[in-house]
Amino acid sequence: MDIAVKRNMTGRMTGFVRELNAVLTIVARGITLTFKSPASLIMSLVMPVVMMYMIGGNLQQNMAGGLGFDFGQYMLVGMLVNMLFTMTSQGLSSLVEDRETDFTQEMLIAPVSRYSIVIGTILGSAFLAIFSCVGTLIVSLFMGIRMDAGQLLAVLGLSPLMCLAAGAFGMLLLGAVKNRKAANMAIMIIPMAQMFLSGAIIPITNSSGVLLVLSRLMPMTYCLDLVRAVVYAGTPEYGAVVLFNPAVTLAAIIGLTAVFLAVGTFLVARSEKNR
Amino acid sequence: MNAILEVRELVKRYNKARSNAVDGVSFSVSEGEFFAFLGPNGAGKTTTISILTTTLAPTSGEVKIAGCDVIRQAKEVRDKVGIIFQQPSLDPQLSAEENIRFHACLYGVYGYRPTFRMMPKAYRERVMELAELVGIADAMFKPIKKLSGGMQRKLEIIRSLIHTPKILFLDEPTTGLDAVSRRGLWEYINQSRRENGTTVFLTTHYIDEAESVDKVCIINHGKLAACCSPGELKRTLEYDPAPKVCLPTLEQAYIEYLSKTERGAA
Ligand SMILES: Nc1ncnc2c1ncn2[C@@H]1O[C@H](COP(=O)(O)OP(=O)(O)OP(=O)(O)O)[C@@H](O)[C@H]1O
Ligand SMILES: [Mg+2]
């Protein structure tokens, strides 16, 4: 890729090229950090064994009768999206952790848009999520769950949007919760609750009452539904698996992601400046 | 000469604080000037610098850097300043060189490449030259955790100058450095001043470092106590409180001035 780099009088990049380079730099830092921390790499590979094999496998063997669709495949898609969501939002808390070494200061002082910093951090922490997805796919192979190449590509194609959606939601939490410790805790616990509420492993077709309301409040519910709509397109199970109209879901995800990102970034930047 | 930095009636009161940390401060710094901002612990130096470099919002007042307003044109301002924070701000998980590369790319000086070798020649030469100059060439590829405190400080100084800022803020840059390193560091900063005309805004508790500055402002309890050249500051104290045989050093003048104003205020 060769871009004619626009530079200003001081020989530095300007405008969009500079922002793009900044995002790339921050993403690259995220990837570098991933490789430098073997512990988190190992965890990202062990997680799928616990989630997919132990929780999912047990549900499949003991409780998945009479659903009207193949539970294994249903759960695999759910787990993949769940991994993208959990890992990305956990990685985002690095923005908070960096504060301890004042590295966030160093990033915030750079002459680039706050959005570039946030998007770079989100995509950088999404890198670890890819490992978890690969791990999940490997475990699912051992469990005899199959997905064809087209379906896999569909999940892959949607994954950047899933990561951004997760990151935007995480940013909103970081911005809304004033206390840093509490914000960090929220960012750990909410994805966990989301996993159960949004239908990642347990179908929510028959949810009612509080659980129904909560499920509709979780952004991951819509992300999951969109991915399933694409994966199950044209299959007889579609009606039993997919809850909403995919076009509406897609629009809603894009809209909410943009709003969450804008509000979250604004709030975080403001609380950073107004001490 | 053109003022590169103008501060007018700057006030900062931290959330839930009972008094102003910075209390109606006004001064200006000319382009290319070497400026010292001195004051005792808790005087409001770091607070002022944080506002000037856009990381902290002022309560009231106006600040302009190279004609840009720090609130409304924060990005333009950030483009023109370099800073060494009082608190170390390196990424401890990256290597020394990666920290520099990250900074240079974030500022749009170079396009990002995943390894040092793949970076443009100009970058590689510049980094190694600077590392040589401050004497940390051997440590450039070590993780930050394995660098001593002084070495980390030197690295931050290289980092702050790699994008050739118009104005460089140094918040106690030499704390923890040995005498030789301090000397080397000042040579490097002076070199950058000569070559690029960088304006330097210094706070320090080693008053001798400010001996050769063009202008010194003393801040105490958030208020400016004096703003003049070091020579003028010394001369105001020549016969006061007691006649002296020769002019005092800046450090003596500074301490006397502070104690005098402190007594006057009480
Ligand atoms: N984040 C904060 N919240 C509340 N008060 C603060 C905060 N940071 C500093 N202060 C207060 O503001 C005043 C000025 O602090 P500042 O850090 O600007 O001093 P300083 O001149 O840099 O001192 P030093 O030489 O010790 O670095 C002090 O009274 C300090 O207690
Ligand atoms: Mg300070």
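The values are calculated or read from the model by the stated rules, or taken from the named source; none is laboratory data. This structure is a prediction, so every number in the text was calculated from the model and none was measured. Glycine also receives a Cβ, built like all others from the backbone with ideal geometry; neighbour counts cover every protein chain displayed. SASA here: full protein model, heavy atoms, side chains in, ligands and nucleic acids out. Shrake-Rupley method; radii C 1.70, N 1.55, O 1.52, S 1.80 Å.
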(request) Would you work out what percent of the accessible area of the protein assembly as shown, with all protein chains in place, is carbon or sulfur (probe 1.4 Å)? (result) 61 percent
(message) Rounding to the nearest 10 and keeping the result within 0 to 90°, find how far the Cα-based axis of helix B:121-134 lies from the longest principal axis of chain B.
(response) 50 degrees
(message) Given a Förster distance of 22 Å, report the FRET efficiency between B:Glu195 and B:Ser30 from their Cβ-Cβ distance, rounded to the nearest 0.05.
(response) 0.75
(request) Quick one: which residues, 5+ away or cross-chain, put their amide H under 5 Å from the amide H of B:Lys142? H built at 1.01 Å from N. (result) B:Ala96, B:Glu97
(request) Give me the distance between the Cα centres of segment B:73-115 and segment B:1-72, rounded to whole Å. (result) 23 Å
(request) Please list the radius of gyration and Dmax for the protein assembly as shown, considering alpha-carbon atoms only, with Å as the unit. (result) 28.0, 102
(request) Mind checking the per residue accessible area of the protein assembly as shown for me, 1.4 Å probe, whole number of Å²? (result) 45 Å²
(message) A drop of at least 20 square angstrom in accessible area, chain alone versus all protein chains together, probe 1.4 Å. Which residues of segment A:242-275 meet that?
(response) A:Lys273, A:Asn274, A:Arg275
(request) Distance between Cα centroids, segment B:185-208 to segment A:27-60: provide it in whole Å. (result) 48 Å
(request) Work out which residues of segment B:88-132 lose at minimum 50 square angstrom of accessible surface when the other protein chains are put back, relative to the chain isolated, with a 1.4 angstrom probe, and list them by number. (result) B:Asp91, B:Gln93, B:Phe102, B:Leu106, B:Tyr107, B:Gly108, B:Tyr112
(message) Show me you know the interface measure: the accessible area buried between B and A, both chains summed, probe 1.4 Å, in Å² to the nearest 100.
(response) 3300 Å²
(request) Assuming R0 = 56 Å, can you tell me the calculated FRET efficiency for the pair B:Glu132 and B:Arg18, based on Cβ-Cβ distance, to the nearest 0.05? (result) 0.65
(request) Give, in nm to one decimal, the length gained when the segment between A:Val17 and A:Ala262 is fully stretched (0.36 nm per residue of separation minus the Cα-Cα distance). (result) 86.1 nm
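How large is the helix-only mean residue ellipticity at 222 nm for chain B, computed as the sum of -39500 (n - 2.57) over DSSP H runs with n ≥ 4, divided by its residue count, in deg cm²/dmol to the nearest 500?
So the calculated ellipticity at 222 nm is -11000 deg cm²/dmol.
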(request) Report the residues of segment A:185-207 in range of a label on A:Val248: point 7 Å along Cα→C-beta, backbone N strictly under 18 Å from it. (result) A:204-207
(message) Which lysines, if any, have their Cα less than 21 Å from the Cα of B:Lys145, not counting same-chain residues under 8 positions apart?
(response) A:Lys36, B:Lys154
